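Following: one structure in structure tokens, then a few remarks.
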Amino acid sequence: MRIHITYTGGTIGMIDSPNGLIPGADMRGWLLRLLEDAHMDSGLFSFTELDPLIDSSNATPSNWQTMIDDLKAHRDEADAFVVLHGTDTMSYSSAALSYALTDFGKPIIFTGSQHPLGKIESDATANVTGALNAAMSERMNGVGLFFGHHLFAGNRVSKSSSWAFEGFSAPSTGPLARTGTPWHWYAGGMLAGEGWKDPKPYTRHDVAVIDMAPGITAARLEAMLTPRPEAAILRAYGVGDIPSDEPGLTDVIADALHDGVPVIIASQCQQAEVLLGHYEVSDAIARAGAIGSGDMTLEAAYAKVMFLLSQGVDAADFGTWMTRSIAGEISPASTL
């Protein structure tokens, strides 16, 4: 099996500098030694080092598109793909690529590490070999993320720890598989989506992400939505609840919707399904046209908003597409 590896930067390839960790390790040389030690034919592997390498905290939709372009450029010469990426925004990138590559037809596995590869305590080797095994398993299709002995769907996962080797989780769906002798694959697998034919490239858009908190005022929320963004994600409580007794707050949301701003209601809970109107406190914004994010992660919802804006989807159709599965990122709505 031929494997292409795209190296974007991140902790896995960082070295010490006077101002903290920066990209700089010999990733190509390290990978060749890893393959030789595993008695794998290095001639079956190709490698791209993106320029510039970045700390994933600096990632933008332009970086997502650079990854997509590299994967597409090597699609016909490889059978599976591994993307080496920083952990901070890896779940945003894996979600973003899942929407843009629904017709790719070959597995793409993201991974990285909590410690640089040069550290004795590093998890780099375990994560890269796990990602390679997942890519070569012939049981994976679409975009996945391997980390800390677990394989996840790339648009169902969040970074849950800044220090633990099991640094990612998929609270609403659980993992697809975990390592062992043999690997254990869980029932269910990745959910199917409708796909998106010939997507346009990712472009940068003004999307506001705002947390609800006890005591937030209508004036503060209005200030956060002024000038108007192209879309807004409000991270509410529980199943999409907001402080509706706060004078004028629901009116601020309704006014933004009236001005053509799609307002997506997500949850601050890691494990949640947004059900607007289930409680009276969210009924007014549901009637005004706010869009519930279902059981999507924040990362999947944010990347999906960026994807839809990049495709030119207008406010009238935004609710339809946010609640439909493009790449398995959202479960069918529950009926209560």
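The values are calculated or read from the model by the stated rules, or taken from the named source; none is laboratory data. Computed from a prediction, not measured in an experiment: that's the story for all the values here. Quick reminder, even Gly has a Cβ in these numbers, built from the backbone with ideal geometry, and neighbours come from all protein chains shown. Heads up: the accessible areas ignore ligands, DNA and RNA and are worked out on the full protein's heavy atoms, side chains in. Shrake-Rupley method; radii C 1.70, N 1.55, O 1.52, S 1.80 Å.
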### Query
Tell me, which residue of the stretch 319-336 that is closer than 21 Å to residue 242 by Cβ and surrounded by fewer than 22 Cβ atoms within 10 Å (Cβ to Cβ) is nearest to the chain's Cα centre (by Cα)?
323
### Task
Those residues that are open to solvent by 40 Å² or more (accessible area, probe 1.4 Å) and either closer than 30 Å to residue 17 by Cα or of a type in the set (Lys, Arg) (or both), I need them from the stretch 120-142; list them, please.
120, 121, 125, 126, 129, 139
### Message
Where the second residue is acidic (Asp, Glu) and part of a helix (DSSP H, G or I) and the first is over 14 Å from residue 319 (Cβ atoms) and lies in the stretch 248-267, which pairs have Cβ atoms under 7 Å and are six or more apart or on separate chains?
### Response
252/222
### Query
If you check 117, 145, which single one turns out to be crowded, with 24+ Cβ neighbours inside 10 Å and of a type outside the set (S, T, N, Q)?
145
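Residues checked against (1) under 20 Å from residue 100 (Cβ atoms); (2) part of a helix (DSSP H, G or I); (3) within 22 Å of the chain's Cα centre (by Cα):
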| position | (1), (2), (3) |
| --- | --- |
| 246 | no, no, no |
| 255 | no, yes, no |
| 274 | no, no, yes |
| 277 | no, no, no |
| 286 | no, yes, no |
| 303 | yes, yes, yes |
| 307 | yes, yes, yes |
### Message
Among the residues of the stretch 51-63, are any touching a Phe, Trp or Tyr at 6+ places or on another chain (Cβ under 6 Å), on the phi < 0 side of the Ramachandran plot, open to solvent by less than 30 Å² (accessible area, probe 1.4 Å) and touching a residue at least 60 places away in the same chain (Cβ under 8 Å)?
### Response
yes
#### Entry: Candidate set from the stretch 268-295 (those that are closer than 24 Å to residue 64 by Cβ and touching a strand residue (DSSP E or B) at 6+ places or on another chain (Cβ under 7 Å)); member that is least open to solvent (accessible area, probe 1.4 Å)
293
### Query
Out of curiosity, is residue 74 open to solvent by 20 Å² or more (accessible area, probe 1.4 Å), under 22 Å from residue 122 (Cα atoms) and out of contact with any helix residue (DSSP H, G or I) (no Cβ under 7 Å at 6 or more places or on another chain)?
no
#### Entry: Residues (open to solvent by less than 40 Å² (accessible area, probe 1.4 Å) and either basic (Lys, Arg) or not in a loop (DSSP other than H, G, I, E, B) (or both)) located in the stretch 257-267
257, 263, 264, 265, 266, 267
### Odd one out for residue 207, checked against (1) open to solvent by 50 Å² or more (accessible area, probe 1.4 Å); (2) more than 15 Å from the chain's Cα centre (by Cα)
(1)
### Test: residue 328 is touching an Asp or Glu at 6+ places or on another chain (Cβ under 6 Å) and small (Gly, Ala, Ser)
no
### Options 46, 17, 42; residue that is farther than 18 Å from residue 87 by Cα and touching a His at 6+ places or on another chain (Cβ under 6 Å)
46
### Query
Going through the stretch 162-177 one residue at a time, which ones are within 26 Å of residue 31 (Cα to Cα) and surrounded by fewer than 16 Cβ atoms within 10 Å (Cβ to Cβ)?
162, 163, 164, 166
### Message
If I go through the stretch 4-15 residue by residue, how many of them are closer than 13 Å to residue 117 by Cβ and over 19 Å from the mean Cα position of the chain (by Cα)?
### Response
3
### Message
Being more than 22 Å from the chain's Cα centre (by Cα), part of a loop (DSSP other than H, G, I, E, B) and surrounded by fewer than 16 Cβ atoms within 10 Å (Cβ to Cβ) is the requirement here; does residue 219 meet it?
### Response
no
### Summary
By residue number, the members of the stretch 182-216 that are in a strand (DSSP E or B) and either over 23 Å from residue 296 (Cα atoms) or not aromatic (Phe, Trp, Tyr) (or both) are 184, 207, 208, 209, 210, 211
